[in-house]
Amino acid sequence: MGIVKSSGISGRQHNLAEQVFSRAAGAPLVPGNDVHLLRDARENYPAWLRAIQQAQRSVLFENYIIEDDDVGRAFADALAARARDGVQVRVLYDWLGCQGTASRHYWRTLRDAGVEVRCFNPFQFDRPLAWLGRNHRKTLTVDGEVGFVSGLCVSHKWVGDEQKGVAPWRDTGLEIRGPAVADLVRAFAQGWSTVGPPLDEEGCLSARASLTMGDVSLRVVAGVPWSAGLFRVDQLIASLARKRLWLTDAYFVGTATYVQALRAASRDGVDVRLLVPGSSDIPALRPLTQAGYRPLLEAGIRVYEWNGTMLHAKTAVADGTWARVGSSNLNPASWLGNSEIDVAVEDAPFARCMEDMYLQDLEHATEVVLSGRARRMTAAPPLPRGQRGTRGRRGSMSRAAAGAVRLGNTVGAAVTNHRELGRTESKVVFGAGVVPLALAGVALYWPHVVAVPAALLGAWAGIALWSRAMRLRRQEAQGTAQQPLPEQEVPPRASVQEPRALPDAQAAHAPEAEPRQP
């Protein structure tokens, strides 16, 4: 592995480290690929549409949010046109992500054109908590020859509105050609099979799918609920980085173990940086995100806030040899709860491109600094109203999970006093104190207001369990096995090529960006 080799590990130790990474990620290293970095919707969307229009055999498209707007209709037209020409077109969308964004008419139009459309994990009465696990992936594969992985959903928000002065959302994606695209097909097939009959993977691959197209080695990390593969990889990278670890994340809520890994790396002299949104599409999350800055800053980690509209990218680059792009945020929802997909590229030239892009992004960001016990920063302008989350338009589940976990971390620190709280966390702690006091007052003066919802929830839980029990009894009587709701691990590749090490990274450090102090 590139970062392992740059750390001075070679020979038998290198092979052992390579095995550790393969097992942690649940994905082998696949050589022989050509990879291109795509920035924002202006580069991603045209490349996606071009690939769809050139499809000859199959189009596999999955996304968390697909909106019925100008962007969504452009993709619907392209997909429908290929389906009418006999190409096998399959679309997998997330039930929660597309609530309020695309109508039944939108999906019916696709189906009428011959597109096979499936909805991932719709709400079911007898499984009241199953809806928490979402398909947060954003992938497109065509003929098994070209694949795209990114953080972009399909919506006008990623395009912006030049006439109204609304800039596009900042996001990052990859275009991949080579043997690794077959892993993207397999990952799609795994999610597709949880909704209905399995996918014929071989039928989606052209004769050119297995051909070597370049000299880039990469891993396709297809995360499924409770596998935590990417979390283990992120922990390893934080532990192995020796010079630089630059992170970009839209909804950062690091767990205690991950934050500790970043702090330890920084104290060992690693240049650790974190770029996060200055204005979130959900304004209520901003104070919760800011509450987690102090432990990072105190350890010497440099934190930047994006000055433009929403920063939605999820990327990492380490030591100029290793880089990651995908759909996973650095928070427990992505690490544990959702189905995610990321590509870990082990190639020095590509990593240097990622570092150059990161330094360009920092030119449009404000660095957060500490001054004594207080933190100084300039307030970023709020997102335009049309760019914010609204009732009936569901954003990423990672946002809600990020807020809940950050709130829990802050309240836990206030109760147990295991760390010093910052001034910016006072609002969070105050708000957390108001909630139980309000509930206590309601329970004292209007007991039925608390008792009735509790009784309804209890009845719902009981009926749901009885319904599941009756279903299991019927299946046992019929001699059939129930298909489990949680997604299963992506099966291993039929044949794994011998991994190879990447070329050494350049000894010189990447140029430093001049921080923009508030």
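The values are calculated or read from the model by the stated rules, or taken from the named source; none is laboratory data. Given the structure is predicted, the values throughout are model-derived calculations rather than measurements. Because the Cβ atoms are built from the backbone with ideal geometry, glycine has one as well, and the counts that use them run over all protein chains shown. Heads up: the accessible areas ignore ligands, DNA and RNA and are worked out on the full protein's heavy atoms, side chains in. Shrake-Rupley method; radii C 1.70, N 1.55, O 1.52, S 1.80 Å.
For this structure, a couple of remarks:
- Rounded to whole Hz, the Karplus (6.51, -1.76, 1.60) HN-Hα couplings of the range 290-295, x for glycine and proline: 5, 5, x, 6, 4, x
- Per-peptide average of other Cβ atoms within 10 Å, ordering 115-123, 197-205 highest first: 115-123, 197-205
- Percentage relative contact order, the range 14-88, counting C-alpha pairs under 8 Å, at least six apart: 30
- A simple rule links phi to the HN-Hα coupling: the Karplus curve 6.51 cos²θ - 1.76 cosθ + 1.60 with θ = phi - 60°, which for the range 86-100 gives x, 6, 6, 10, 10, 10, 10, 10, 8, 4, 6, x, 9, 5, x Hz, with x for Gly and Pro.
- For the range 260-266, 3J(HN,Hα) per residue [Karplus equation, 6.51 cos²θ - 1.76 cosθ + 1.60, θ = phi - 60°, Hz, x = Gly/Pro]: 5, 5, 5, 5, 5, 5, 4
- Short-range pairs are left out: with C-alpha atoms under 8 Å and at least six residues apart, the relative contact order of the range 104-230 is 22 percent.
- Linear extension gain, W446 paired with L211, 0.36 nm per residue minus alpha-carbon span: 77.6 nm
- Debye, to nearest 20: dipole size of the range 187-283, +1 on Lys, Arg Cβ, -1 on Asp, Glu Cβ: 560
- Packing, taken as the mean count of other beta carbons within 10 Å per residue, orders the peptides 270-283, 335-348 from highest to lowest as 335-348, 270-283.
- Computed with a 1.4 Å probe over protein heavy atoms only, the accessible surface of the range 49-204 comes to 37 Å² per residue.
- Probing with 1.4 Å while keeping every protein chain in the model, the per residue accessible area of the range 217-322 equals 26 Å².
- For the peptides 471-478, 18-25, the ranking by packing is 18-25, 471-478, with the highest mean count of neighbouring Cβ atoms within 10 Å listed first.
- Computed over the range 256-340: relative contact order in percent, which uses C-alpha pairs under 8 Å that are six or more apart: 28
- Of all accessible heavy-atom area on the range 241-335, the percent that carbon and sulfur account for (1.4 Å): 56
- Heavy-atom accessible surface of the range 59-165: percent carbon and sulfur, 1.4 Å: 49
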